[in-house]
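The values are calculated or read from the model by the stated rules, or taken from the named source; none is laboratory data. Quick caveat, the model's predicted, so the values are computed rather than measured. When we count neighbours, we look across all protein chains shown, and the Cβ atoms used for this are built from the backbone with ideal geometry, even at glycine. Accessible surface is based on the protein model in full, side chains and every heavy atom, while ligands, DNA and RNA are left aside. Shrake-Rupley method; radii C 1.70, N 1.55, O 1.52, S 1.80 Å.
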Amino acid sequence: MERSCTAEEVVEMLREEGLVDLPAGVDGDADLFAAGMDSMAVMQLIVIIEERWGVRLGAADATREVLGTPASLAARICEGK
Amino acid sequence: MKADVLIIGAGSAGLAAAVRAARAGARTILLERHGFAGGMGTASLVHTFCGLYLQDAETPQWSNPGTLAEEIGRRMELATGLGAVKSGRVWFLPQHPVEFAALADSMLREAGVEVLFHSELVALEPGWRARVACRGEGIDIEARAVVDASGDAVAASALGMGHMMSDSRSLQRPAYVCGVQGVAGEIDGLALAGWIIDGIRAGDLGTAATGMHFRASGRAGEVFATLDLAGMETGDYDPTDPRCLAALEATGREVAMAVVACLKRSAPGWEGAFISHWPARAGVRESRRWIGQALLTGEDVMAGRRFDDEVAVASWPLELRETHRGPRLRYPVGPAGIPRGALIAAGVDGLFMAGRCLSCDHEAQASIRVMGTCFATGDAAGKMAAASAG
């Protein structure tokens, strides 16, 4: 499992997993909640991040600041546990 | 008993069909297995009316103005004091199952519909003769026209007629909704998701808990907990198999009990929370579908296709829930018409259908199954049935 992570990789993961409906050409600052991410998708996302990057997000990470954009997610994943 | 129009099922489609047929002057009998009308919106505690409004509009605009979809929407707004809410590209109306059951009683009484609660269709012959059972006692009903608003195409099954059913693996997954009370403060869905994940990590919850989400009911301290289920507790998901349904109901309760117990321990504001009511039944999204004189397809809905003979408008996106991992929404280019023939059975006279079991494919059903659209197709089927009986 890799620890480093980029916003592009997060976008790719979100597309592969079908968690949100991202428009083409979306960048790292896209608002994932505006794109339809809800609390159920957040739970799936946290599980997937642990599987892919070995980083365990918890209740303290369940905020818009951490989960709101591909870039903020990538930063949190790089930070690790 | 004799009637002009017999309507099977008093869910959102059957309610609208019965009110419309009776207002058109038809002697109308409405058959319902529960002790109240409303179907998914009451028995299954589904607490939002979707499909009432046009997609992408700046302000909420009725997609079926002048029909019972608008009338029920307006009456629900008055009952709850809540208006339409925009979520992403769509508008929906929060509704309360308690208000809905009472509103449905009023509308049926005002229209003069003869209501048979606690009754199930057991046999049907063209012509039409229906046998209904209430607590082991048979009742025979003669009617000139029948509307199947059962959600499960039970009339097709009773007649031994062909119908459509998606493969078990692609059927839209069921939802289990229960009422929770004693919750203090606002609902923060994101934070609750975090607490559930922590509960799974701690081994207190199974992964089925990731299908759970919450919405405030609009009443103080009351929340609806909605759990999307895989439906595969005892093998393949089959919404017409009572063994499968039994496992589904028990699993819904088991997961909900564990999640609420977990949130009581961990989530601020949830210390005094308790499950206050179970649904009468788990919410089935997709089941048998009729084969009608016309077939509405997912391509028709996505293209916003209009028909010369359309009788209602579908305005909700394709809300695909083929897994229990949340919805995948596909947005049509605009509202689509539902052709008349999709509400008329093929191969038999005087049989109409409305709601989620009308004649459409699996993809189109992902749009037309929502209650706002069911009111509109029910209204249209009630009108056609009354005309054919008159």
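Annotations
- Of everything listed in (1) on the phi > 0 side of the Ramachandran plot; (2) surrounded by fewer than 18 Cβ atoms within 10 Å (Cβ to Cβ); (3) not basic (Lys, Arg), the single unmet condition for B:Thr297 is (1).
- Of all residues in the stretch B:24-53, exactly one satisfies the criterion of being surrounded by fewer than 19 Cβ atoms within 10 Å (Cβ to Cβ) and more than 24 Å from B:Ala225 (Cβ to Cβ), namely B:Gly25.
Condition check ((1) of a type outside the set (Ser, Thr, Tyr); (2) surrounded by fewer than 20 Cβ atoms within 10 Å (Cβ to Cβ); (3) farther than 30 Å from B:Thr210 by Cβ) across all residues:
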position	(1), (2), (3)
B:Ile275	yes, yes, no
B:Arg285	yes, no, no
B:Gly292	yes, no, yes
B:Met302	yes, yes, no
B:Phe307	yes, yes, yes
B:Ala312	yes, no, yes
B:Leu318	yes, no, no
B:Val348	yes, yes, yes
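- Among the residues of the stretch A:18-57, those that are out of contact with any Lys or Arg (no Cβ under 7 Å at 6 or more places or on another chain), within 7 Å of chain B (Cβ to nearest Cβ) and not aliphatic (A, V, I, L, M) comprise A:Asp21, A:Gly36, A:Asp38, A:Ser39.
- Under the condition of being away from chain A (no Cβ under 13 Å) and in contact with a Ser or Thr (Cβ under 9 Å, 6 or more places away or on another chain), the residues counted in the stretch B:177-201 number 6.
- Index of the failed condition, B:Gly326 passing every other in (1) under 18 Å from the mean Cα position of the chain (by Cα); (2) modelled with pLDDT of 95 or more: (2)
- Strands (runs of 3 or more DSSP E) fully within the stretch B:153-249 that include at least 1 residues being touching a strand residue (DSSP E or B) at 6+ places or on another chain (Cβ under 8 Å), assigned by TED's automatic domain parsing to the domain that holds B:Gly272 and open to solvent by 20 Å² or more (accessible area, probe 1.4 Å): B:175-181, B:212-216.
- Among the candidates B:Glu286, B:Glu254, residue that is more than 30 Å from B:Leu343 (Cα to Cα) and outside any strand (DSSP E or B): B:Glu254
- Any chance B:Met40 is among the aliphatic types (A, V, I, L, M), under 17 Å from the mean Cα position of the chain (by Cα) and under 21 Å from B:Val301 (Cβ atoms): yes
- Checklist (1) at positive phi; (2) modelled with pLDDT of 95 or more applied to B:Ala101, failing item: (1)
- Test: B:Arg33 is of a type in the set (D, E, K, R), in contact with a Ser or Thr (Cβ under 9 Å, 6 or more places away or on another chain) and in a loop (DSSP other than H, G, I, E, B): yes
- Number of positions in the stretch A:34-45 that are in contact (Cβ under 8 Å) with a residue 24 or more places away in the chain and either surrounded by fewer than 18 Cβ atoms within 10 Å (Cβ to Cβ) or among the basic types (Lys, Arg) (or both): 0
For (1) open to solvent by less than 10 Å² (accessible area, probe 1.4 Å); (2) part of a loop (DSSP other than H, G, I, E, B), each residue gets a yes or a no:
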residue: A:Leu14; (1), (2): yes, no
residue: A:Asp31; (1), (2): no, yes
residue: A:Val47; (1), (2): no, no
residue: A:Leu57; (1), (2): yes, yes
residue: A:Leu73; (1), (2): yes, no
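- Within the stretch B:77-105, if we keep just the residues that are of a type in the set (Phe, Trp, Tyr) and in contact (Cβ under 8 Å) with a residue 40 or more places away in the chain, the residue that is surrounded by the fewest Cβ atoms within 10 Å (Cβ to Cβ) turns out to be B:Phe92.
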